[in-house]
1. Could you go through region 60-74 and let me know if any residue there is outside any strand (DSSP E or B), in contact with a helix residue (DSSP H, G or I) (Cβ under 8 Å, 6 or more places away or on another chain) and modelled with pLDDT of 90 or more.
2. I'd like to check which strands (runs of 3 or more DSSP E) are fully inside region 97-186 and have at least 3 residues that are buried (at least 19 other Cβ atoms within 10 Å of the Cβ) and not assigned by TED's automatic domain parsing to the domain that holds residue 75.
3. Does residue 145 fit the bill of being within 15 Å of residue 103 (Cβ to Cβ) and over 22 Å from the mean Cα position of the chain (by Cα)?
4. Here is a list of conditions, (1) touching a strand residue (DSSP E or B) at 6+ places or on another chain (Cβ under 7 Å); (2) farther than 22 Å from residue 186 by Cα, and residue 144 meets all of them except one; can you say which number that is?
5. From the set of residues in region 76-92 that are without any contact (Cβ under 8 Å) to a residue 40 or more places away in the chain and over 12 Å from residue 141 (Cβ atoms), which is surrounded by the fewest Cβ atoms within 10 Å (Cβ to Cβ)?
């Protein structure tokens, strides 16, 4: 799919140079991707419509292919608190950072303790914000569990991780902990990356699907028109 984004437009540009064509730029709703609609004087109305529909489909495919996983806005996670035997699962909302591993958390859309839904955290901080005076850093976790700088507050409960951040340095160990409402013991325990797992939930741009759908519907309409003429 990545090849579509890289090579689709150069191939169309080559066609424009080599043929007696007029070219119309087709730009998607986000104004970030474009393709070419080609038209020659000899083309029938139906052929022009097909060309335009294919150009729109190309835009949609190029936009979708070029959308990096960094646009994923959800991260599903699982962590087992070995000291308590509790398993926490849920979904963080936020943004995957450019390194493809660290995920900046902005909110929590679901949280379960041993499969039972609990009250969602309403405030999101980094551990360093809470424990290191004068520090402001983003709340983050990582896909591989190598960096965790997160402090979640929900009503009277807290879920927190300090792995590879300044708080972990100050503590002298990598820490994870939760209050009883979130399956913990109210104390920090040694964090284990083996007990952490996470995966991304990608959210495609709505405009990409809209453009792709427009092109497909256009082709479908042409096919119905052709079939109707054949029957007539």
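1. No, because not a single residue in region 60-74 is outside any strand (DSSP E or B), in contact with a helix residue (DSSP H, G or I) (Cβ under 8 Å, 6 or more places away or on another chain) and modelled with pLDDT of 90 or more.
2. On the way: elements: 102-113, 123-125, 140-142, 148-154, 157-163, 175-178.
No strands (runs of 3 or more DSSP E) qualify here.
3. Numbers: within 15 Å of residue 103 (Cβ to Cβ): yes; over 22 Å from the mean Cα position of the chain (by Cα): no.
When the stated conditions are applied, residue 145 does not pass them.
4. (1)
5. Quick first cut of region 76-92, residues without any contact (Cβ under 8 Å) to a residue 40 or more places away in the chain only: 85, 89-90.
Now narrow it down to the ones that are over 12 Å from residue 141 (Cβ atoms): 85, 89.
Working: 85: 9, 89: 16.
Step by step, filter region 76-92, then rank; the result is 85.
The values are calculated or read from the model by the stated rules, or taken from the named source; none is laboratory data. These figures come from a predicted structure and were not determined experimentally. FYI the Cβ positions are ideal-geometry reconstructions off the backbone, even for glycines, and counts take in every protein chain you see.
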